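The values are calculated or read from the model by the stated rules, or taken from the named source; none is laboratory data. Computed from a predicted model, the values in this text were never measured in an experiment. Cβ coordinates were reconstructed from backbone atoms using ideal geometry, including for glycine residues, and neighbour counts include every protein chain displayed. Surface areas here come from the heavy atoms of the whole protein model, side chains and all, with no ligands, DNA or RNA. Shrake-Rupley method; radii C 1.70, N 1.55, O 1.52, S 1.80 Å.
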Amino acid sequence: MNTKQQHTLGAPIIEMAGVNKWYGQFQVLTGIDLSVRAGERIVVCGPSGSGKSTLIRCINRLETVQQGTITVDGIELTAGGKNVDRVRAEVGMVFQQFNLFPHLTILENCTLAPMRSRGMTQQQAEEVAMQYLTRVRIPEQAKKYPAQLSGGQQQRVAIARALCMAPKIMLFDEPTSALDPEMVKEVLDTMIALAEDGMTMLCVTHEMGFARSVADRVIFMAEGRIVEQGAPTQFFDHPQHEKTRQFLGQIL
Ligand code: ADP
Ligand code: MG
């Protein structure tokens with residue numbers, strides 16, 4: 001599995017500069033400077049509570065920041081207003097807990113947003129949805145409800161649903177952490193396929209095999225800061241900081 005062959009990166013598509021964020025008195029992000037290029041795959045890791053979820057949620061403005069600037073595909077997020085909708089349309093997100101609508105079928109889960117915010121007709125949206133459900137290899141589940149699917153299948157639906165909006169960037173927040181072990185691979189395989197297609201991806205994950213084979217860059221966070229980052233081989237084989245070594249010692 002070498003997805004990095006013939007992999008070229010484009011211009012910066014996400015720029016975070018001097019970002020500081022607090023929850024009340026608690027500073028959750030400190031001095032975040034991060035530039036991500038189009039087509040780049042980034043894995044974010046670090047101890048629980050280090051700010052990983054908060055960091056990626058800032059990129060589609062599920063969280064706001066008090067200081068610093070965030071620009072996504074030329075859209076200045078910190079400016080607020082209708083820029084938020086523009087960015088949300090460009091940035092897909094997949095969560096640990098799938099977050100499918102339980103009362104809608106798999107197909108309806110996938111067609112809702114494209115019909116509402118992309119102005120697609122039902123027929124257009126269903127065509128697109130079936131294309132992506134086929135790509136995540138569960139087109140036969142289209143008429144079922146989320147509760148009728150396994151966790152791995154639900155997470156693949158969540159990925160397909162995000163892709164139906166034709167995002168330029170995909171954010172993943174521990175997408176395999178809630179899955180039974182035997183279902184982790186099918187979700188990672190879907191993510192690998194997406195990477196092979198050149199999608200810009202930021203993945204919070206502790207799947208270090210995935211990080212080694214797919215990531216262009218691994219970012220390690222601790223206590224709200226980016227402590228260390230590098231190409232996977234450098235990061236895993238020659239971690240520079242004590243905190244990184246401690247963390248890797250615990251999870252590898
Ligand atoms: P991670 O994803 O690395 O586990 P999070 O970004 O979820 O870290 O959280 C970082 C810290 O911020 C944690 O201490 C968490 O308790 C705190 N936190 C997260 N969300 C909120 C919130 N909405 N309000 C207050 N504190 C929060
Ligand atoms: Mg988290």
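Taking the range 158-175, which residues are away from ligand 1 (no atom under 16 Å from the Cβ) and either closer than 15 Å to residue 41 by Cα or in a helix (DSSP H, G or I) (or both)? If you could, list the steps in order and put the result at the bottom.
Going through the range 158-175, the residues away from ligand 1 (no atom under 16 Å from the Cβ) turn out to be 158-170.
Answer for the range 158-175, where residues must be away from ligand 1 (no atom under 16 Å from the Cβ) and either closer than 15 Å to residue 41 by Cα or in a helix (DSSP H, G or I) (or both): 158, 159, 160, 161, 162, 163, 167, 168, 169, 170.
Filtering the range 70-89 down to residues that are part of a strand (DSSP E or B) and out of contact with any Leu (no Cβ under 8 Å at 6 or more places or on another chain), which residue is farthest from residue 168 (Cα to Cα)? Result: 76.
Within the range 182-215, the only residue that satisfies the criterion of being in a loop (DSSP other than H, G, I, E, B), open to solvent by less than 20 Å² (accessible area, probe 1.4 Å) and away from ligand 2 (no atom under 16 Å from the Cβ) is 215. Taking the numbered list (1) of a type in the set (D, E, K, R); (2) surrounded by fewer than 14 Cβ atoms within 10 Å (Cβ to Cβ); (3) within 15 Å of ligand 2 (Cβ to nearest atom) in turn, residue 63 passes all entries but (2). Residues of the range 35-51 that are surrounded by fewer than 21 Cβ atoms within 10 Å (Cβ to Cβ) and either free of Cβ contacts under 8 Å to residues at least 12 places away in the same chain or away from ligand 1 (no atom under 13 Å from the Cβ) (or both): 35, 37, 38, 39, 48, 49. Selection of the range 216-237 for residues being outside any strand (DSSP E or B) and more than 16 Å from ligand 2 (Cβ to nearest atom) yields 216, 231, 232, 233, 234, 235, 236, 237.
The numbered conditions (1) in contact (Cβ under 8 Å) with a residue 40 or more places away in the chain; (2) more than 30 Å from residue 235 (Cα to Cα) are all true for residue 123 except (1). For first residues located in the range 180-198 and farther than 10 Å from residue 214 by Cα and without any contact (Cβ under 8 Å) to a residue 60 or more places away in the chain, partners that are open to solvent by less than 20 Å² (accessible area, probe 1.4 Å) and of a type in the set (A, V, I, L, M) and lie 6+ apart or on another chain with Cβ distances below 6 Å form the pairs 190/136; 190/159. The set of residues from the range 34-48 being outside any strand (DSSP E or B) and either more than 8 Å from ligand 2 (Cβ to nearest atom) or within 12 Å of residue 220 (Cβ to Cβ) (or both) comprises 38, 39, 40, 46, 47.
Restricting the range 90-120 to residues that are more than 13 Å from residue 154 (Cα to Cα) and open to solvent by 70 Å² or more (accessible area, probe 1.4 Å) leaves a set whose member that is farthest from ligand 2 (Cβ to nearest atom) is 115. Within the range 52-64, residues that are among the aliphatic types (A, V, I, L, M) sit with their Cβ atoms under 7 Å from residues that are near ligand 2 (Cβ under 9 Å from one of its atoms), at 6+ positions apart or across chains, in these pairs: 56/173; 56/204.
Name the residue, out of 63, 76, 90, that is within 11 Å of ligand 1 (Cβ to nearest atom) and acidic (Asp, Glu).
Result: 63 is the single residue among 63, 76, 90 that is within 11 Å of ligand 1 (Cβ to nearest atom) and acidic (Asp, Glu).
Of all the listed residues (124, 153, 131), the sole one being assigned to a helix (DSSP H, G or I), at pLDDT 95 or above and within 30 Å of residue 54 (Cα to Cα) is 153. With respect to the conditions (1) at pLDDT 95 or above; (2) surrounded by fewer than 21 Cβ atoms within 10 Å (Cβ to Cβ); (3) more than 16 Å from ligand 2 (Cβ to nearest atom), residue 26 lacks only one, and its number is (3).
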